[in-house]
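Participant: Here's a structure for you.
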Amino acid sequence: MISMKAPAALAVLLALFANPAFAADPAAGKKLARQCSVCHGRDGVAKDPEVPNLAGQSAFYIEKSLKDFRDGAREDRRMTLIVKRLSDEDIKDLAAWFASFTVTVKPPA
């Protein structure tokens, strides 16, 4: 039996995320990403094997990670310093920018 509450809850969530107040600006994220390019690469693909690639990552994952670094739930000497000045809007914009990349993979033969 399907609960009648589930469709209502889904409708509320969709309305929240469709609200322009929650919209991110990938173009603004692109500008902010200049500071990320030193470690994560200009195209979001890091050259350093100790640094994660950001291109094509889920916006949700990037946003959560950046907020965790900013708020102290995660620590990294570089990331903690960089993200402490970012607003929630900056973080959403950065996440939208890196999530907008299309990444293709080629499995080994």
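Participant: Working carefully through the options R34, R42, R85, find the one that is at negative phi, loosely packed, with under 14 Cβ neighbours inside 10 Å and assigned to a helix (DSSP H, G or I).
Facilitator: After applying the criteria, what remains is R34.
Participant: Please enumerate the residues belonging to the stretch 56-78 that are aliphatic (A, V, I, L, M) and within 21 Å of P26 (Cβ to Cβ).
Facilitator: Passing the criteria: A59, I62, L66.
Participant: If you don't mind, another one. Within the stretch 88-109, how many residues are crowded, with 18+ Cβ neighbours inside 10 Å, under 14 Å from D43 (Cβ atoms) and of a type in the set (V, I, T)?
Facilitator: Within the stretch 88-109, residues that are crowded, with 18+ Cβ neighbours inside 10 Å, under 14 Å from D43 (Cβ atoms) and of a type in the set (V, I, T) number 0.
Participant: Quick one: K47 ticks every box in (1) at pLDDT below 95; (2) part of a loop (DSSP other than H, G, I, E, B); (3) closer than 16 Å to A96 by Cα bar one, so which box is it?
Facilitator: (3)
Participant: What is the one condition in (1) at pLDDT 95 or above; (2) touching a Gly at 6+ places or on another chain (Cβ under 8 Å) that K67 does not satisfy?
Facilitator: The one condition K67 does not meet is (2).
Participant: When the stretch 52-78 is examined, which residues are found to be of a type outside the set (S, T, N, Q), under 18 Å from W97 (Cα atoms) and not in a helix (DSSP H, G or I)?
Facilitator: P52, L54, A55, G56
The values are calculated or read from the model by the stated rules, or taken from the named source; none is laboratory data. Quantities reported herein were computed from a predicted structural model and do not represent experimental measurements. Ideal geometry is used to build each Cβ from the backbone, glycine not excepted, and the neighbour counts take in all protein chains shown.
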